[in-house]
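**Q** Got a structure here, written out as structure tokens. Questions coming.
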Amino acid sequence: MNKLKLIRYLFALLIIGLMIGASEWLDQKEILFPEMAALVLGLWVIDKKIWTVSRTMLVILMTVCAIFGILLVRYSPFPVLVNIAISFVFTSFCLIVTRTTLIPITSAAMLPVLLGTDSVVYPASVFIMSLLVVSGQWFLEKNALRQVIAFDKKKGYYKHSSKHWIRLFICLILIAAIPVYTGELFFIVPPLIVMFIEFSSSSSGFRNRPLQVYMVVIISAILGTFFQYYVHTILGLPLLYTVLLLFICLFSLFEIVRKPFAPACAIALVPMIIRQENILYYPFQVAVGAGIFLFVSMFFFLKCYRWKREHLLVCFVPGYIRSGMQRPKRRQRKTGQPQ
């Protein structure tokens, strides 16, 4: 890890700690928005463009979708599954109309629906945190701590396919039906839905490492549960220090695997805001939910069954195993022996 990246990690810890500290000081759980940790990683730490969106539009979209989420909880007469569908349609419409790829707005609108949050503190927090995130990104770029990634208004917009979003909608509702019916909503926590959409829609390189992404997601859920239940609840360490230790471990994990994955930050932070009686089941439910979402993405959207053997090996076999799977012909060529 180079010095500049370490500084960006430290700034990320600072802003996450600020969010946790404000929540503790004001005694308002609604201030904690897990997806903000993902935004910080994507916009501060990762030195490339993650989402196609301007800074102004990021703040607007995150705030509007957060407001829409609490309005659904307050005024919608429909059951949870229908509200999930309405939330998804609204955020998809926002992305299509604005031609941006800020998938985390899905979480901003859906989190209140799944948790039953109707406090105005939630969208106010999302607005303030979004401002801080985009301001922090500007500060890092201004001081040469992060690569400057300009948003080109002529070339920067993204063209969405309405057909693709309809397919995503159908798959999401089919997957969400059983968890909603049984009341086991941890199977479909919003960061998993963000992961599902990004995996099915993005052209990023993480789509070529589904097994690695799956393991990072599970480890993130385990770390979040461990620090919340054992370190905070059992040992009594203040939540602020608990979360900071959690993200030090999580950022270290990203450096070990050398591939940071933004939704994993949100998945690790979810245990801090959910009801604690069933928290120990959270990693299991995340593992099952992530497995289903990744399978649907790989099979029905990426059509992995059409991939060549070499591509499948890269995707599903870890690098250290692939390195030992050299073909005899290649070995012979290296040693100069006849075939």
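**Q** Collect the residues in the range 95-119 that are open to solvent by 30 Å² or more (accessible area, probe 1.4 Å) and within 11 Å of F68 (Cα to Cα), keeping them in residue-number order.
**A** Selection gives D118 alone.
**Q** Taking the range 21-33, which residues are open to solvent by less than 10 Å² (accessible area, probe 1.4 Å) and either aromatic (F, W, Y) or at pLDDT 95 or above (or both)? Steps first, please.
**A** Start the filter on the range 21-33 by keeping residues that are open to solvent by less than 10 Å² (accessible area, probe 1.4 Å), which leaves 23, 32-33.
Scanning the range 21-33 gives a single hit, F33.
**Q** Limited to the range 2-12, what total is found for residues that are part of a helix (DSSP H, G or I) and either of a type in the set (S, T, N, Q) or open to solvent by 30 Å² or more (accessible area, probe 1.4 Å) (or both)? Write out each step before concluding.
**A** We begin by selecting, within the range 2-12, every residue part of a helix (DSSP H, G or I); these are 3-12.
Within this subset, residues satisfying the condition of being either of a type in the set (S, T, N, Q) or open to solvent by 30 Å² or more (accessible area, probe 1.4 Å) (or both) are 3-7, 10-11.
Residues that pass the stated criteria total 7.
**Q** Give the residue, chosen from E255, E277, that is surrounded by fewer than 17 Cβ atoms within 10 Å (Cβ to Cβ) and farther than 26 Å from L14 by Cβ. Before you say what the answer is, go through the steps one by one.
**A** On the way: E255 fails: farther than 26 Å from L14 by Cβ.
Answer to the check: E277.
**Q** With the condition kept exactly as written, say whether any residue in the range 305-315 is surrounded by 13 or more Cβ atoms within 10 Å (Cβ to Cβ), of a type in the set (A, V, I, L, M), more than 28 Å from W44 (Cβ to Cβ) and modelled with pLDDT under 95.
**A** Looking only at the range 305-315, we keep the residues that are surrounded by 13 or more Cβ atoms within 10 Å (Cβ to Cβ), and these are 307, 313-315.
Filter once more, so that each one left must be of a type in the set (A, V, I, L, M): 313-314.
Keeping just the survivors that are more than 28 Å from W44 (Cβ to Cβ) gives 313-314.
If we keep only those that are modelled with pLDDT under 95 as well, we get 313-314.
Yes: the range 305-315 contains one or more residues that are surrounded by 13 or more Cβ atoms within 10 Å (Cβ to Cβ), of a type in the set (A, V, I, L, M), more than 28 Å from W44 (Cβ to Cβ) and modelled with pLDDT under 95.
**Q** Separate question: Give the residues of the range 51-74 that are farther than 15 Å from M110 by Cα and out of contact with any Leu (no Cβ under 7 Å at 6 or more places or on another chain), sorted by residue number. First the steps, then the outcome.
**A** As a first pass, look at the range 51-74 and keep what is farther than 15 Å from M110 by Cα: 51-60.
Answer for the range 51-74, where residues must be farther than 15 Å from M110 by Cα and out of contact with any Leu (no Cβ under 7 Å at 6 or more places or on another chain): T52, S54, R55, T56, M57, I60.
**Q** When you go through (1) touching a residue at least 12 places away in the same chain (Cβ under 8 Å); (2) closer than 22 Å to G17 by Cα one by one for I234, which number turns out not to apply?
**A** Among (1) touching a residue at least 12 places away in the same chain (Cβ under 8 Å); (2) closer than 22 Å to G17 by Cα, the lone unmet condition for I234 is (1).
**Q** I want to confirm something. Restricting to the range 172-228 and keeping residues that are of a type in the set (S, T, N, Q) and under 21 Å from L253 (Cα atoms), which single residue is surrounded by the fewest Cβ atoms within 10 Å (Cβ to Cβ)?
**A** S204
**Q** Still on this model: Only one of these is among the hydroxyl-bearing types (S, T, Y) and at pLDDT below 95: Y241, Y320. Name it.
**A** Values: Y241 fails: at pLDDT below 95.
Only one candidate qualifies: Y320.
**Q** Is it true that V40 is modelled with pLDDT of 95 or more, touching a helix residue (DSSP H, G or I) at 6+ places or on another chain (Cβ under 8 Å), surrounded by fewer than 23 Cβ atoms within 10 Å (Cβ to Cβ) and assigned to a helix (DSSP H, G or I)? Working first, answer last.
**A** Numbers: modelled with pLDDT of 95 or more: yes; touching a helix residue (DSSP H, G or I) at 6+ places or on another chain (Cβ under 8 Å): yes; surrounded by fewer than 23 Cβ atoms within 10 Å (Cβ to Cβ): no; assigned to a helix (DSSP H, G or I): yes.
Considered against the rule, which asks whether it is modelled with pLDDT of 95 or more, touching a helix residue (DSSP H, G or I) at 6+ places or on another chain (Cβ under 8 Å), surrounded by fewer than 23 Cβ atoms within 10 Å (Cβ to Cβ) and assigned to a helix (DSSP H, G or I), V40 comes out as no.
**Q** While we're looking at this one, here's another question. Taking only pairs six or more apart or across chains, which ones have beta-carbon atoms under 8 Å, a first residue in the range 15-28 that is more than 17 Å from S135 (Cβ to Cβ), and a second residue that is outside any helix (DSSP H, G or I) and polar (S, T, N, Q)?
**A** Within 8 Å, the pairs are Q28/S119.
**Q** May I ask you to verify whether P263 is of a type outside the set (D, E, K, R), open to solvent by less than 10 Å² (accessible area, probe 1.4 Å), at pLDDT below 95 and under 29 Å from L313 (Cβ atoms)?
**A** Judged against the criteria, P263 is a match.
The values are calculated or read from the model by the stated rules, or taken from the named source; none is laboratory data. A quick note: this is a predicted structure, and the numbers were derived from the prediction, not measured. Here the Cβ is made from the backbone with ideal geometry for all residues, glycine too, and neighbour counts use every protein chain on show. Remember, those area values only see protein heavy atoms, side chains included, never the ligands or the DNA or RNA. Shrake-Rupley method; radii C 1.70, N 1.55, O 1.52, S 1.80 Å.
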